[in-house]
Structures are given as structure tokens and as C-alpha cells.
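Novice: One structure, pasted below without further comment.
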Amino acid sequence: MSVSTLILVAAAIGLALAVWLHPDRKLSEALGISKRQAIFLIPVIIPAIVSAGFVAQLLPSEEIGHWVGADSGFGGAMIAAAFGALMPTGPMLILPVVAALLSANAGEAQMLALLNAWMMMNAQRLLLYDIPLAGWSLTVRRYSLGVVLTPVAALLGLAIAG
């Protein structure tokens, strides 16, 4: 079992204990909420993980390594960031895709840039949610931060990677 799994299990046990000990909260309701979320998420997560395994086999490792590999530097990070900003997917698929790209010779700093761009300035979210719901002013400010912070994240990732 990995350290992150142990941390999640400990957090779940600690939170369950906190709910159980809190007089105004009901453990059965909390478990019901957890069950509903699991019923919703498991059918999405399993195919996403399986799909990522197939994607990993279909990706040309040499090309991935050339364009967004560890040796591609800042330019490769910006290519990955552009891909992340344009990738029309949700969180259930982006992380398995990143895992597949990493197994196909993508660099960690480059994948950091991809994820940062996907989170901060995704084109699909821009058109479907941000502009209609948050308006132009907030959307422009948020995406401007993404344009600035994504290269910063890439540079920090490259510095950490060595």
C-alpha cells in the first residue's frame, strides 16, 4: 500500500470518528453520501483508468519524448501546456491521460505545465462555464493568471527536476 493510500485511509477513519463523536451529525448519513458518490464515480473512474492503459500503448513513445519529454525543456513544457489548455476532458480522464503520457516518456515538468494549463485556462470550460457563469471580467482575470502562472509552474518544475 502506498503512502498516499495510507494517508487517505487514515483521513477517512479520522473523519468517520469525528462524525461519530459529534452529537449533531449522523454517521449513517455520511456513509449514505459516500455511497452515492461512489456509485456515481466508480463507473467513470474504472473506464478512464482502463482507457489510459490503452492510450499508453497507442502513444508513440519516441515522439512523446521528443516533444514533451524531460529533455524538451521549457519549449516542451509550453507545448504540453497548449495541449492541456485545449484538452476537452474532465478530471476523471486527464489524470489517467497524464499517467499514460508519463509512461510514454513525457517529462514530469512538462506534465506539470499540462495540468496547470488544463486547470487554469481550459478552452472548453472557458466557453461552457466561465464566460456564461462568471462573466467576462472575472474570466479574463483568471485566464490572465493562467497565462502568467503556467510558464512559472513549468520553470519551477524544470528547476526541481534538475
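Novice: If you take the residues of segment 59-81 that are over 18 Å from the mean Cα position of the chain (by Cα) and free of Cβ contacts under 8 Å to residues at least 40 places away in the same chain, which of them is surrounded by the fewest Cβ atoms within 10 Å (Cβ to Cβ)?
Specialist: Asp71
Novice: Go through segment 57-75 residue by residue and tally those that are over 23 Å from Gln124 (Cβ atoms) and assigned to a helix (DSSP H, G or I).
Specialist: Of the residues in segment 57-75, 12 are over 23 Å from Gln124 (Cβ atoms) and assigned to a helix (DSSP H, G or I).
Novice: Suppose we filter Leu27, Leu31, Leu17 for residues that are surrounded by 11 or more Cβ atoms within 10 Å (Cβ to Cβ) and touching a Phe, Trp or Tyr at 6+ places or on another chain (Cβ under 8 Å); which single one remains?
Specialist: Being surrounded by 11 or more Cβ atoms within 10 Å (Cβ to Cβ) and touching a Phe, Trp or Tyr at 6+ places or on another chain (Cβ under 8 Å) holds for just one of Leu27, Leu31, Leu17, which is Leu27.
Novice: Taking segment 92-115 as the search range and keeping residues that are of a type in the set (S, T, N, Q) and over 10 Å from Ala52 (Cβ atoms), which one is modelled with the lowest pLDDT?
Specialist: Asn105
Novice: Hey, another quick one. Select, from Leu155, Leu127, the only residue that is modelled with pLDDT under 95, more than 16 Å from the chain's Cα centre (by Cα) and part of a helix (DSSP H, G or I).
Specialist: Among Leu155, Leu127, only Leu127 is modelled with pLDDT under 95, more than 16 Å from the chain's Cα centre (by Cα) and part of a helix (DSSP H, G or I).
Novice: Restricting segment 82-136 to residues that are within 24 Å of Gly65 (Cβ to Cβ) and among the aromatic types (Phe, Trp, Tyr), which is surrounded by the fewest Cβ atoms within 10 Å (Cβ to Cβ)?
Specialist: Only one residue tops the list, namely Phe83.
The values are calculated or read from the model by the stated rules, or taken from the named source; none is laboratory data. Everything quoted here is computed from the prediction, not taken from an experiment. So basically every Cβ, Gly included, is an ideal-geometry build from the backbone, and we count neighbours across all protein chains shown.
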